[in-house]
Amino acid sequence: MAVTEPAPVSHPPAHEGILRRQALRESAARTYARSLPIVPVRARGMTIEGADGRRYLDCLSGAGTLALGHNHPVVLEAIRKVIDSGAPLHVLDLATPVKDAFTTELFATLPRELADNARIQFCGPAGTDAVEAAFKLVRAASGRSGLLAFTGAYHGMTAGALAASGGAPDVGVTRLPFPQNYRCPFGAGGERGADIAAHWTRYLLDDPKSGVPAPAAMILEPVQGEGGVNPAPDGWMRRMREITQERSIALIADEVQTGVGRTGTFWAVEHSGIVPDVMVLSKAIGGSLPLAVIVYRAELDLWQPGAHAGTFRGNQLAMAAGAATLAHVRENQLAERAGTLGARMLARLQALGADHPSIGDVRGRGLMLGIELVDPEADPLTVTAENGSAPPPDPALAAAVQQECLRRGLIVELGGRHSAVVRLLPPLTLTDEQATAVVDRLADALRAAERSPYRRAVAGPTR
Ligand code: PMP
(Lines give C-alpha, C1' and ligand atoms only; values in the text may rest on other atoms or scores of the structure.)
Protein backbone atom coordinates (compact mmCIF):
# COMPACT_ATOMS: atom_id res chain seq x y z
CA MET A 1 0.00 0.00 0.00
CA ALA A 2 1.51 3.30 -1.05
CA VAL A 3 0.90 5.79 1.73
CA THR A 4 1.59 9.31 0.75
CA GLU A 5 -0.53 12.19 1.96
CA PRO A 6 -3.66 10.48 3.34
CA ALA A 7 -6.88 11.63 1.67
CA PRO A 8 -9.66 12.44 4.11
CA VAL A 9 -11.91 9.51 4.84
CA SER A 10 -15.41 10.47 5.80
CA HIS A 11 -17.35 7.53 7.12
CA PRO A 12 -18.27 8.50 10.66
CA PRO A 13 -21.00 5.85 10.75
CA ALA A 14 -18.39 3.15 10.08
CA HIS A 15 -16.26 4.60 12.84
CA GLU A 16 -19.17 4.56 15.31
CA GLY A 17 -20.26 1.07 14.28
CA ILE A 18 -16.80 -0.42 14.65
CA LEU A 19 -16.37 1.09 18.09
CA ARG A 20 -19.82 -0.08 19.15
CA ARG A 21 -19.14 -3.63 17.96
CA GLN A 22 -15.77 -3.60 19.69
CA ALA A 23 -17.39 -2.66 22.99
CA LEU A 24 -19.93 -5.46 22.54
CA ARG A 25 -17.61 -8.20 21.35
CA GLU A 26 -14.17 -7.64 22.84
CA SER A 27 -12.98 -8.59 26.25
CA ALA A 28 -13.40 -6.58 29.42
CA ALA A 29 -9.62 -6.82 29.74
CA ARG A 30 -8.98 -4.60 26.71
CA THR A 31 -6.77 -1.67 27.57
CA TYR A 32 -5.80 1.20 25.28
CA ALA A 33 -9.05 0.90 23.37
CA ARG A 34 -10.96 2.08 26.41
CA SER A 35 -9.35 5.50 26.69
CA LEU A 36 -8.55 5.96 22.98
CA PRO A 37 -11.77 5.56 20.96
CA ILE A 38 -9.98 5.77 17.62
CA VAL A 39 -10.38 3.52 14.58
CA PRO A 40 -7.04 3.88 12.78
CA VAL A 41 -7.28 3.36 9.05
CA ARG A 42 -4.06 4.95 7.83
CA ALA A 43 -0.83 6.03 9.38
CA ARG A 44 2.46 7.50 8.34
CA GLY A 45 5.29 8.70 10.53
CA MET A 46 3.82 10.29 13.60
CA THR A 47 0.35 10.75 12.15
CA ILE A 48 -2.58 8.39 12.51
CA GLU A 49 -5.81 8.92 10.64
CA GLY A 50 -9.06 7.55 12.03
CA ALA A 51 -12.06 6.17 10.15
CA ASP A 52 -13.84 9.43 10.99
CA GLY A 53 -11.20 11.37 9.05
CA ARG A 54 -9.62 12.88 12.16
CA ARG A 55 -5.84 13.01 12.41
CA TYR A 56 -3.69 12.56 15.47
CA LEU A 57 -0.07 13.01 16.42
CA ASP A 58 0.83 9.68 17.96
CA CYS A 59 2.91 9.92 21.12
CA LEU A 60 2.05 6.39 22.17
CA SER A 61 3.86 4.76 19.21
CA GLY A 62 2.54 1.27 19.91
CA ALA A 63 3.64 1.58 23.55
CA GLY A 64 7.13 2.59 22.47
CA THR A 65 7.40 0.15 19.58
CA LEU A 66 7.58 2.46 16.60
CA ALA A 67 11.10 3.89 16.66
CA LEU A 68 10.61 5.14 13.09
CA GLY A 69 6.93 5.96 13.43
CA HIS A 70 4.21 4.28 11.42
CA ASN A 71 4.90 2.68 8.03
CA HIS A 72 8.36 4.12 7.53
CA PRO A 73 9.52 3.67 3.91
CA VAL A 74 12.58 1.60 4.89
CA VAL A 75 10.36 -0.73 6.91
CA LEU A 76 7.80 -1.11 4.12
CA GLU A 77 10.54 -1.74 1.61
CA ALA A 78 12.14 -4.43 3.77
CA ILE A 79 8.80 -6.21 4.18
CA ARG A 80 8.02 -6.02 0.47
CA LYS A 81 11.45 -7.40 -0.39
CA VAL A 82 10.87 -10.53 1.66
CA ILE A 83 7.39 -11.05 0.20
CA ASP A 84 8.59 -10.53 -3.36
CA SER A 85 11.55 -12.87 -2.88
CA GLY A 86 9.35 -15.91 -2.39
CA ALA A 87 10.99 -16.70 0.96
CA PRO A 88 8.87 -18.74 3.37
CA LEU A 89 7.12 -16.60 5.96
CA HIS A 90 6.95 -19.33 8.59
CA VAL A 91 10.07 -21.29 9.44
CA LEU A 92 9.95 -22.17 13.17
CA ASP A 93 13.53 -21.49 14.36
CA LEU A 94 15.33 -22.61 11.21
CA ALA A 95 18.22 -20.60 9.80
CA THR A 96 17.37 -18.17 6.99
CA PRO A 97 19.26 -15.37 5.26
CA VAL A 98 16.74 -12.90 6.75
CA LYS A 99 17.38 -14.12 10.28
CA ASP A 100 21.13 -14.19 9.67
CA ALA A 101 21.07 -10.55 8.55
CA PHE A 102 18.93 -9.51 11.52
CA THR A 103 21.28 -11.18 14.00
CA THR A 104 24.33 -9.57 12.39
CA GLU A 105 22.71 -6.14 12.51
CA LEU A 106 21.56 -6.60 16.12
CA PHE A 107 24.96 -7.80 17.31
CA ALA A 108 26.58 -4.76 15.66
CA THR A 109 24.56 -2.50 17.97
CA LEU A 110 25.24 -4.33 21.27
CA PRO A 111 27.83 -3.26 23.82
CA ARG A 112 31.09 -4.67 22.40
CA GLU A 113 31.97 -6.71 25.45
CA LEU A 114 28.65 -8.56 25.18
CA ALA A 115 28.51 -8.80 21.38
CA ASP A 116 31.95 -10.41 21.17
CA ASN A 117 30.75 -13.37 23.17
CA ALA A 118 26.98 -13.38 22.87
CA ARG A 119 24.27 -15.91 22.15
CA ILE A 120 20.77 -15.10 21.00
CA GLN A 121 17.52 -16.93 21.69
CA PHE A 122 14.55 -16.09 19.49
CA CYS A 123 11.45 -16.17 21.66
CA GLY A 124 7.71 -16.15 21.18
CA PRO A 125 6.94 -12.71 19.78
CA ALA A 126 6.21 -10.74 22.96
CA GLY A 127 8.41 -9.02 25.50
CA THR A 128 6.91 -11.08 28.28
CA ASP A 129 7.94 -14.34 26.61
CA ALA A 130 11.52 -13.12 26.37
CA VAL A 131 11.43 -12.22 30.07
CA GLU A 132 10.33 -15.79 30.85
CA ALA A 133 13.14 -17.11 28.67
CA ALA A 134 15.66 -14.96 30.55
CA PHE A 135 14.47 -16.35 33.89
CA LYS A 136 14.74 -19.95 32.64
CA LEU A 137 18.21 -19.30 31.28
CA VAL A 138 19.64 -17.84 34.48
CA ARG A 139 17.94 -20.46 36.65
CA ALA A 140 19.37 -23.28 34.54
CA ALA A 141 22.82 -21.70 34.54
CA SER A 142 22.99 -21.00 38.27
CA GLY A 143 20.93 -23.79 39.80
CA ARG A 144 19.26 -21.11 41.88
CA SER A 145 15.66 -20.05 41.54
CA GLY A 146 15.28 -16.70 43.34
CA LEU A 147 14.89 -13.44 41.45
CA LEU A 148 15.53 -9.86 42.45
CA ALA A 149 13.13 -7.30 41.00
CA PHE A 150 12.25 -3.71 41.78
CA THR A 151 9.33 -1.71 43.05
CA GLY A 152 7.47 -0.08 40.16
CA ALA A 153 8.81 -2.61 37.63
CA TYR A 154 6.90 -3.81 34.59
CA HIS A 155 8.10 -6.91 32.75
CA GLY A 156 4.96 -8.34 31.19
CA MET A 157 1.80 -10.29 31.75
CA THR A 158 2.77 -13.95 31.86
CA ALA A 159 2.94 -15.40 35.36
CA GLY A 160 6.70 -15.14 35.96
CA ALA A 161 6.99 -11.71 34.37
CA LEU A 162 3.94 -10.55 36.30
CA ALA A 163 5.45 -11.80 39.55
CA ALA A 164 8.63 -9.83 38.81
CA SER A 165 6.42 -6.80 38.17
CA GLY A 166 4.78 -7.08 41.56
CA GLY A 167 1.43 -8.10 40.11
CA ALA A 168 1.25 -11.67 41.42
CA PRO A 169 2.61 -13.38 44.50
CA ASP A 170 5.71 -15.46 43.90
CA VAL A 171 7.86 -16.59 46.75
CA GLY A 172 10.90 -16.56 44.49
CA VAL A 173 10.83 -12.81 43.81
CA THR A 174 12.43 -10.43 46.26
CA ARG A 175 11.38 -6.84 45.74
CA LEU A 176 14.01 -4.16 46.10
CA PRO A 177 13.59 -0.39 46.14
CA PHE A 178 14.03 1.36 42.79
CA PRO A 179 15.43 4.86 43.28
CA GLN A 180 12.81 7.53 42.76
CA ASN A 181 13.61 11.15 42.96
CA TYR A 182 10.13 12.60 43.34
CA ARG A 183 8.50 10.04 45.61
CA CYS A 184 11.59 8.64 47.27
CA PRO A 185 10.55 5.78 49.57
CA PHE A 186 13.21 6.95 52.03
CA GLY A 187 12.13 10.57 51.98
CA ALA A 188 15.53 11.59 50.63
CA GLY A 189 15.46 11.72 46.82
CA GLY A 190 18.40 12.49 44.54
CA GLU A 191 21.74 10.80 45.01
CA ARG A 192 21.12 10.25 48.68
CA GLY A 193 17.90 8.32 47.98
CA ALA A 194 19.65 6.20 45.33
CA ASP A 195 22.48 5.59 47.77
CA ILE A 196 20.15 4.31 50.47
CA ALA A 197 18.35 2.11 47.93
CA ALA A 198 21.66 0.55 46.84
CA HIS A 199 22.74 0.14 50.44
CA TRP A 200 19.53 -1.70 51.31
CA THR A 201 20.04 -4.09 48.38
CA ARG A 202 23.59 -4.90 49.42
CA TYR A 203 22.56 -5.29 53.06
CA LEU A 204 19.70 -7.64 52.23
CA LEU A 205 21.82 -9.88 50.01
CA ASP A 206 24.50 -10.25 52.66
CA ASP A 207 22.17 -10.79 55.61
CA PRO A 208 22.11 -14.54 56.32
CA LYS A 209 18.76 -14.09 58.07
CA SER A 210 17.11 -12.01 55.34
CA GLY A 211 14.99 -14.90 54.10
CA VAL A 212 15.85 -13.95 50.52
CA PRO A 213 15.84 -17.07 48.30
CA ALA A 214 19.25 -17.51 46.62
CA PRO A 215 18.91 -15.31 43.53
CA ALA A 216 19.70 -16.50 40.02
CA ALA A 217 19.37 -12.96 38.70
CA MET A 218 18.43 -9.35 39.20
CA ILE A 219 16.12 -7.88 36.56
CA LEU A 220 15.84 -4.12 36.04
CA GLU A 221 14.64 -1.53 33.55
CA PRO A 222 17.21 1.25 32.96
CA VAL A 223 14.24 3.61 32.75
CA GLN A 224 11.04 2.24 34.20
CA GLY A 225 8.38 2.84 31.57
CA GLU A 226 4.96 1.62 32.65
CA GLY A 227 6.01 2.33 36.25
CA GLY A 228 5.82 6.05 35.48
CA VAL A 229 9.01 6.99 33.60
CA ASN A 230 11.60 6.61 36.33
CA PRO A 231 15.16 6.85 35.00
CA ALA A 232 17.67 4.90 37.06
CA PRO A 233 20.63 7.09 38.03
CA ASP A 234 23.82 5.97 36.25
CA GLY A 235 25.73 5.63 39.51
CA TRP A 236 23.03 3.37 40.94
CA MET A 237 23.12 1.22 37.78
CA ARG A 238 26.87 0.78 38.23
CA ARG A 239 26.35 -0.21 41.85
CA MET A 240 23.78 -2.82 40.84
CA ARG A 241 26.32 -4.18 38.37
CA GLU A 242 28.99 -4.35 41.09
CA ILE A 243 26.67 -5.92 43.64
CA THR A 244 25.51 -8.63 41.22
CA GLN A 245 28.98 -9.29 39.83
CA GLU A 246 30.52 -9.67 43.30
CA ARG A 247 27.87 -12.27 44.19
CA SER A 248 27.75 -14.12 40.83
CA ILE A 249 24.15 -13.03 40.29
CA ALA A 250 23.27 -12.51 36.62
CA LEU A 251 22.11 -9.02 35.75
CA ILE A 252 19.19 -8.92 33.29
CA ALA A 253 18.53 -5.57 31.63
CA ASP A 254 14.96 -5.37 30.38
CA GLU A 255 15.39 -3.04 27.39
CA VAL A 256 12.04 -3.94 25.84
CA GLN A 257 10.93 -0.32 25.99
CA THR A 258 14.18 1.61 26.38
CA GLY A 259 16.01 0.02 23.44
CA VAL A 260 16.82 1.16 19.91
CA GLY A 261 17.72 4.77 20.61
CA ARG A 262 14.69 5.72 22.68
CA THR A 263 16.61 7.16 25.65
CA GLY A 264 19.40 8.92 23.73
CA THR A 265 21.81 6.00 23.41
CA PHE A 266 21.21 2.91 21.29
CA TRP A 267 20.70 0.82 24.44
CA ALA A 268 19.89 2.56 27.69
CA VAL A 269 22.57 0.63 29.60
CA GLU A 270 25.14 2.63 27.63
CA HIS A 271 24.41 5.74 29.72
CA SER A 272 26.01 4.10 32.75
CA GLY A 273 28.49 2.02 30.74
CA ILE A 274 27.48 -1.23 32.42
CA VAL A 275 27.39 -4.50 30.52
CA PRO A 276 24.56 -6.76 31.64
CA ASP A 277 24.74 -10.55 31.43
CA VAL A 278 21.37 -10.79 29.68
CA MET A 279 19.40 -8.26 27.65
CA VAL A 280 15.70 -8.68 26.97
CA LEU A 281 14.72 -7.04 23.70
CA SER A 282 11.39 -6.62 21.94
CA LYS A 283 9.11 -3.80 20.70
CA ALA A 284 11.27 -1.62 18.39
CA ILE A 285 13.58 -4.47 17.31
CA GLY A 286 10.76 -5.81 15.12
CA GLY A 287 10.28 -2.54 13.24
CA SER A 288 6.50 -2.52 14.06
CA LEU A 289 6.04 -6.29 13.82
CA PRO A 290 6.16 -8.79 16.69
CA LEU A 291 9.63 -10.00 17.63
CA ALA A 292 11.35 -10.73 20.94
CA VAL A 293 14.78 -12.08 21.78
CA ILE A 294 17.23 -12.41 24.59
CA VAL A 295 20.95 -11.91 24.08
CA TYR A 296 23.32 -13.11 26.74
CA ARG A 297 26.87 -14.07 27.65
CA ALA A 298 27.77 -17.40 26.06
CA GLU A 299 28.83 -18.88 29.44
CA LEU A 300 25.20 -18.81 30.52
CA ASP A 301 24.16 -21.00 27.60
CA LEU A 302 23.71 -24.10 29.74
CA TRP A 303 20.02 -24.83 29.23
CA GLN A 304 18.77 -27.86 27.36
CA PRO A 305 17.58 -28.02 23.74
CA GLY A 306 13.91 -27.11 23.75
CA ALA A 307 14.15 -25.36 27.13
CA HIS A 308 12.29 -22.43 25.61
CA ALA A 309 10.37 -23.40 22.49
CA GLY A 310 7.51 -21.72 20.65
CA THR A 311 5.86 -22.02 17.24
CA PHE A 312 6.17 -18.37 16.26
CA ARG A 313 9.88 -17.70 16.73
CA GLY A 314 10.70 -17.25 13.07
CA ASN A 315 8.74 -14.21 11.97
CA GLN A 316 10.64 -13.36 8.80
CA LEU A 317 8.78 -10.13 8.10
CA ALA A 318 9.50 -8.87 11.62
CA MET A 319 13.18 -9.76 11.31
CA ALA A 320 13.46 -7.93 8.00
CA ALA A 321 11.55 -4.89 9.31
CA GLY A 322 13.60 -5.01 12.50
CA ALA A 323 16.97 -5.22 10.74
CA ALA A 324 15.99 -2.25 8.56
CA THR A 325 14.93 -0.27 11.64
CA LEU A 326 18.11 -1.02 13.59
CA ALA A 327 20.24 -0.04 10.59
CA HIS A 328 18.28 3.16 9.99
CA VAL A 329 18.54 4.26 13.63
CA ARG A 330 22.27 3.52 13.64
CA GLU A 331 23.10 5.11 10.29
CA ASN A 332 21.09 8.25 10.95
CA GLN A 333 22.23 8.76 14.55
CA LEU A 334 18.64 8.77 15.71
CA ALA A 335 19.64 7.95 19.29
CA GLU A 336 21.57 11.21 19.50
CA ARG A 337 18.66 12.99 17.93
CA ALA A 338 16.31 11.47 20.56
CA GLY A 339 18.67 12.72 23.28
CA THR A 340 18.80 16.30 21.96
CA LEU A 341 15.15 16.62 21.14
CA GLY A 342 14.08 14.88 24.33
CA ALA A 343 16.16 17.28 26.42
CA ARG A 344 14.52 20.20 24.64
CA MET A 345 11.03 18.85 25.23
CA LEU A 346 11.87 18.08 28.86
CA ALA A 347 13.01 21.67 29.41
CA ARG A 348 9.81 23.03 27.86
CA LEU A 349 7.66 20.74 29.99
CA GLN A 350 9.58 21.75 33.10
CA ALA A 351 8.95 25.41 32.23
CA LEU A 352 5.26 24.55 31.92
CA GLY A 353 5.45 23.02 35.38
CA ALA A 354 6.52 26.37 36.78
CA ASP A 355 3.09 27.77 35.79
CA HIS A 356 1.04 24.76 36.82
CA PRO A 357 1.09 23.55 40.42
CA SER A 358 -0.75 20.45 39.16
CA ILE A 359 2.47 19.36 37.45
CA GLY A 360 4.25 17.66 40.31
CA ASP A 361 7.22 16.38 38.39
CA VAL A 362 8.60 16.20 34.86
CA ARG A 363 11.17 13.53 34.16
CA GLY A 364 12.55 11.22 31.55
CA ARG A 365 15.43 10.41 29.31
CA GLY A 366 15.58 11.01 25.58
CA LEU A 367 12.16 10.54 24.04
CA MET A 368 10.74 8.70 27.02
CA LEU A 369 9.08 11.49 28.97
CA GLY A 370 6.67 11.65 31.88
CA ILE A 371 4.63 14.39 33.51
CA GLU A 372 3.29 13.43 36.93
CA LEU A 373 0.05 15.21 37.74
CA VAL A 374 -0.81 15.92 41.33
CA ASP A 375 -3.51 17.56 43.37
CA PRO A 376 -1.79 20.52 45.02
CA GLU A 377 -4.95 21.40 46.94
CA ALA A 378 -5.48 17.96 48.41
CA ASP A 379 -6.49 17.68 52.01
CA PRO A 380 -3.19 17.49 53.93
CA LEU A 381 -4.59 14.39 55.65
CA THR A 382 -4.33 12.52 52.36
CA VAL A 383 -0.63 13.30 52.15
CA THR A 384 0.59 9.93 53.30
CA ALA A 385 3.99 8.48 53.97
CA GLU A 386 3.98 7.07 50.44
CA ASN A 387 3.61 10.56 49.04
CA GLY A 388 6.36 11.98 51.22
CA SER A 389 6.30 15.73 50.92
CA ALA A 390 4.83 15.61 47.39
CA PRO A 391 1.11 16.22 46.88
CA PRO A 392 -0.89 13.08 46.09
CA PRO A 393 -1.13 11.93 42.48
CA ASP A 394 -4.22 13.04 40.55
CA PRO A 395 -5.33 10.21 38.23
CA ALA A 396 -8.61 11.98 37.45
CA LEU A 397 -6.76 15.01 36.13
CA ALA A 398 -4.44 12.75 34.12
CA ALA A 399 -7.44 10.98 32.56
CA ALA A 400 -8.98 14.36 31.74
CA VAL A 401 -5.71 15.56 30.17
CA GLN A 402 -5.56 12.42 28.05
CA GLN A 403 -9.09 13.06 26.75
CA GLU A 404 -8.37 16.77 26.13
CA CYS A 405 -5.21 15.79 24.24
CA LEU A 406 -7.28 13.48 22.08
CA ARG A 407 -9.69 16.29 21.28
CA ARG A 408 -6.69 18.33 20.15
CA GLY A 409 -5.37 15.54 17.95
CA LEU A 410 -2.70 14.19 20.29
CA ILE A 411 -2.44 10.62 21.54
CA VAL A 412 -0.71 10.22 24.90
CA GLU A 413 -0.39 7.33 27.29
CA LEU A 414 -0.89 7.22 31.05
CA GLY A 415 1.34 5.29 33.41
CA GLY A 416 2.74 5.12 36.89
CA ARG A 417 1.44 3.50 40.02
CA HIS A 418 -1.74 5.58 40.06
CA SER A 419 -2.06 6.21 36.31
CA ALA A 420 -1.30 9.85 37.03
CA VAL A 421 1.76 10.15 34.80
CA VAL A 422 1.17 11.43 31.27
CA ARG A 423 3.67 9.60 29.12
CA LEU A 424 5.20 10.70 25.82
CA LEU A 425 6.86 8.10 23.59
CA PRO A 426 7.04 9.81 20.19
CA PRO A 427 8.90 8.19 17.31
CA LEU A 428 12.60 9.08 17.06
CA THR A 429 11.85 10.59 13.67
CA LEU A 430 9.66 13.40 14.95
CA THR A 431 10.51 16.81 13.58
CA ASP A 432 11.24 19.97 15.58
CA GLU A 433 7.84 21.29 14.49
CA GLN A 434 6.06 18.15 15.66
CA ALA A 435 7.88 18.31 19.01
CA THR A 436 6.68 21.89 19.43
CA ALA A 437 3.14 20.91 18.44
CA VAL A 438 3.12 18.07 20.98
CA VAL A 439 4.08 20.34 23.88
CA ASP A 440 1.70 23.10 22.72
CA ARG A 441 -1.25 20.72 22.49
CA LEU A 442 -0.40 19.13 25.81
CA ALA A 443 -0.16 22.53 27.51
CA ASP A 444 -3.49 23.53 26.04
CA ALA A 445 -5.06 20.23 27.08
CA LEU A 446 -3.78 20.67 30.63
CA ARG A 447 -5.29 24.14 30.88
CA ALA A 448 -8.64 22.80 29.64
CA ALA A 449 -8.53 19.78 31.95
CA GLU A 450 -7.74 21.93 34.99
CA ARG A 451 -10.88 23.94 34.27
CA SER A 452 -13.06 20.97 33.38
CA PRO A 453 -15.91 19.92 35.65
CA TYR A 454 -15.14 16.23 35.27
CA ARG A 455 -11.70 16.74 36.64
CA ARG A 456 -12.60 15.05 39.90
CA ALA A 457 -15.39 12.89 38.53
CA VAL A 458 -13.39 10.23 36.74
CA ALA A 459 -10.64 8.26 38.33
CA GLY A 460 -9.09 4.87 38.14
CA PRO A 461 -6.52 3.16 36.03
CA THR A 462 -6.81 2.88 32.28
CA ARG A 463 -5.31 -0.58 32.12
N1 PMP B 1 9.22 -5.20 29.67
C2 PMP B 1 9.00 -3.89 29.55
C3 PMP B 1 10.03 -2.94 30.11
C4 PMP B 1 7.86 -3.39 28.92
O5 PMP B 1 7.67 -2.07 28.84
C6 PMP B 1 6.93 -4.31 28.39
C7 PMP B 1 5.68 -3.84 27.67
N8 PMP B 1 5.21 -2.62 27.98
C9 PMP B 1 7.19 -5.68 28.52
C10 PMP B 1 8.35 -6.09 29.15
C11 PMP B 1 6.24 -6.71 27.99
O12 PMP B 1 6.22 -6.71 26.63
P13 PMP B 1 4.95 -7.34 25.86
O14 PMP B 1 3.79 -6.44 26.12
O15 PMP B 1 5.37 -7.36 24.42
O16 PMP B 1 4.75 -8.70 26.41
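Annotations for the structure displayed:
- Positions within segment 230-249 being part of a helix (DSSP H, G or I) and charged (D, E, K, R), in sequence order: 234, 238, 239, 241, 242, 246
- Any hit, segment 119-126, residues being surrounded by 21 or more Cβ atoms within 10 Å (Cβ to Cβ), aromatic (Phe, Trp, Tyr) and not in a helix (DSSP H, G or I): yes
- Taking the criterion of being aliphatic (A, V, I, L, M) and either more than 11 Å from residue 365 (Cβ to Cβ) or outside any loop (DSSP other than H, G, I, E, B) (or both), the residues of segment 206-229 that qualify are 212, 214, 216, 217, 218, 219, 220, 223.
- In segment 36-78, the qualifying residues are those that are within 16 Å of the ligand (Cβ to nearest atom) and among the polar types (S, T, N, Q), and the one that is least open to solvent (accessible area, probe 1.4 Å) is 61.
- Residue check, residue 259 near the ligand (Cβ under 10 Å from one of its atoms), modelled with pLDDT of 95 or more and surrounded by 24 or more Cβ atoms within 10 Å (Cβ to Cβ): yes
- Among the residues of segment 44-96, those that are within 23 Å of residue 332 (Cβ to Cβ) and part of a loop (DSSP other than H, G, I, E, B) comprise 46, 59, 60, 65, 66, 67, 68, 69, 71, 72.
Residue-wise test of (1) farther than 23 Å from residue 223 by Cα; (2) within 16 Å of the ligand (Cβ to nearest atom); (3) open to solvent by 10 Å² or more (accessible area, probe 1.4 Å); (4) of a type outside the set (Val, Ile, Thr).
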residue: 295; (1), (2), (3), (4): no, yes, no, no
residue: 300; (1), (2), (3), (4): yes, no, yes, yes
residue: 334; (1), (2), (3), (4): no, no, yes, yes
residue: 338; (1), (2), (3), (4): no, no, no, yes
residue: 341; (1), (2), (3), (4): no, no, no, yes
residue: 362; (1), (2), (3), (4): no, no, yes, no
residue: 375; (1), (2), (3), (4): yes, no, yes, yes
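- Tallying residues that are under 27 Å from residue 143 (Cα atoms), under 20 Å from the mean Cα position of the chain (by Cα) and in contact (Cβ under 8 Å) with a residue 60 or more places away in the chain within segment 228-256 yields 3.
- Test: residue in segment 219-232 that is farther than 20 Å from residue 370 by Cα and either within 16 Å of the ligand (Cβ to nearest atom) or in the same structural domain as residue 374 (by TED's automatic domain parsing) (or both): yes
- For residue 246: the one exception among (1) acidic (Asp, Glu); (2) crowded, with 24+ Cβ neighbours inside 10 Å; (3) more than 27 Å from residue 284 (Cβ to Cβ): (2)
- The requirement of being over 21 Å from residue 285 (Cα atoms) and within 13 Å of the ligand (Cβ to nearest atom) is not satisfied by residue 127.
The values are calculated or read from the model by the stated rules, or taken from the named source; none is laboratory data. Small disclaimer: the values here were computed from a predicted structure and weren't measured. A quick note on method: Cβ atoms are made from the backbone with ideal geometry, for glycine too, and the neighbour counts reach across all protein chains shown. Just so you know, the surface numbers come from the protein's heavy atoms only, side chains and all, with ligands and any DNA or RNA stripped out. Shrake-Rupley method; radii C 1.70, N 1.55, O 1.52, S 1.80 Å.
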